[in-house]
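A short reminder: the numbers here are calculations on the coordinates, not readings from a lab. The model shown is predicted, which means the values in this text are computed figures rather than measured ones. Reconstructed Cβ throughout: ideal geometry from the backbone, glycine too, with neighbour counts over all protein chains shown.
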Amino acid sequence: MNKRKRNTVILFFIVIVLAVILVIINNRSMRGSSIVHKFAVSDTASITKIHLADKDGNSVLLERISQADWRLNGQYKASKPMIESLLSTAYNVEVQGVLQEAARETAIKRMAAKHNKIEIYQSAPKFKIFGIKFFIKERVTKSYYVGDATQDNVGTYMQLEGDDDVDITFVPGQNAFLTLRYSAREKDWRDHTIIAQTINDIKAVEVEIPDKPEESYVIEKIEERRYALTTKDGSSLSFDVDTFRILDFVSSFRKLNYEGLLNDLSPHKLDSILSTTPMFIITVTTNTDEEIKLKMFRRKSPYVRVDEVTGDELYWDLDRLYVLFNNGKDFALCQYFTFDKILRPLSWYDKENREMDYY
């Protein structure tokens with residue numbers, strides 16, 4: 001081997017040795033500075049998916065489909081507030097202290113019986129040298145168990161997978177335990193949107209009022225911002241139509257949300273509600289001929305309420321109602337405050353009618 005080749009080989013080995021030393025120093029430095037932040041993710045923008053599971057068999061997979069939107073279990077839109085809360089927690093969570101041996105054994109037993117596990121996936125390198133990333137791919141970068149709250153309810157027990165220590169964690173500036181933010185129940189992560197169609201997306205709306213069939217009707221688009229209002233049976237209207245109210249009604253499907261998902265109701269209770277006559281059955285047909293059907297049901301008042309005028313006891317809840325949607329797959333509790341703008345009978349479109357509410 002000539003002198004030039006020998007020098008090249010020596011230089012190559014020196015570079016390799018220096019690189020290994022730098023990686024070791026970098027890793028040690030990171031470990032030394034990350035005790036407080038051992039559960040934290042410094043770059044939440046690089047998170048590609050999050051898997052959550054609990055001891056009750058619940059499981060949630062959250063996948064990023066764009067910078068702002070996430071998909072839940074491959075089929076639903078995930079709730080933005082829940083995602084933002086989890087990402088913020090993942091970024092800010094800190095270790096407040098490490099449990100000593102006696103307390104650790106007790107905490108481990110409790111966490112073995114009840115915990116949530118989180119796995120965070122990132123598009124991350126295997127290692128870095130001089131800031132250069134090597135072997136970038138999607139990999140699990142954090143995996144840990146989340147237990148219950150400390151006695152003062154401001155700390156949360158956590159344990160990194162493979163770690164013997166059990167830590168008390170918190171988010172600086174927040175006096176709250178963190179367990180609920182790691183829920184593995186699908187319904188906690190569902191986006192609350194029932195329907196979100198702009199006026200330009202809607203081709204027709206059919207409104208059926210089973211208790212008052214004479215108040216049922218159909219609204220169909222004639223052209224941009226022009227609609228025809230007809231009775232459901234095709235008979236002629238006996239009043240002058242307020243076209244502004246038609247536009248107001250069709251515009252009201254832009255964003256309708258539910259308050260709480262009730263898919264876990266007992267079959268007996270669900271059947272009892274669905275066997276009653278719906279208040280409204282509304283079918284929205286989009287420009288792509290997709291039909292979105294909503295069935296609204298009255299809710300029995302959960303407390304005693306008396307009519308201020310007549311003194312009679314009110315049987316039905318005046319604040320909330322039930323809605324069946326998503327092709328009958330989902331059942332939810334909703335507020336009249338949100339839905340009253342689409343609960344309109346035919347007579348509401350009469351220019352002379354000043355009655356604004358139906359229920």
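Residues in segment 245-253 carry Karplus couplings, in order, of 5, 4, 4, 4, 5, 5, 6, 6, 8 Hz; the curve used is 6.51 cos²θ - 1.76 cosθ + 1.60 with θ = phi - 60°, and Gly or Pro positions show x. The P(r) of segment 152-243 has a tail past 22 Å containing 61 percent of all C-alpha pairs.
Remark on residue 197: its backbone amide H falls under 5 Å from those of 254, 255, a criterion applied only to residues 5 or more positions apart or on other chains, H modelled at 1.01 Å from N.
Computed 3J(HN,Hα) for segment 50-66, one whole-Hz value per residue from the Karplus formula 6.51 cos²θ - 1.76 cosθ + 1.60 where θ = phi - 60°, is 9, 10, 10, 8, 10, 6, 8, x, 6, 8, 9, 10, 10, 10, 6, 10, 7, glycine and proline marked x. Here the label points at residue 341 and residue 224, each 7 Å from Cα along the C-beta direction, are separated by 2.3 nm in the simple model. Among the GluC sites (Glu not before Pro) found in segment 252-324, those both in a DSSP coil and sparsely packed, with 11 or fewer other Cβ atoms within 10 Å of their Cβ, are 290, 308. Scanning residues 5 or more positions from residue 69 or on other chains, none has an amide H under 5 Å from its amide H, with H placed 1.01 Å from N in the peptide plane.
Would you mind pulling out the separation of the Cα centroids of segment 50-80 and segment 172-217, in Å? Each part reduced to its Cα centre gives a spacing of 17 Å. For the peptides 222-232, 53-63, residues were scored by their other Cβ atoms within 10 Å and the scores averaged per peptide; the highest-first order is 53-63, 222-232. By the rule of a C-alpha distance below 27 Å, with chain neighbours fewer than 8 residues away ignored, the lysines paired with residue 38 are 49, 55, 80, 109, 114, 117, 126, 128, 133, 137, 142. Taking a straight line from the alpha carbon of residue 232, these lysines sit under 27 Å away, with near neighbours fewer than eight places off in the same chain left out: 203, 212, 221, 255, 293, 295, 329, 341, 351.
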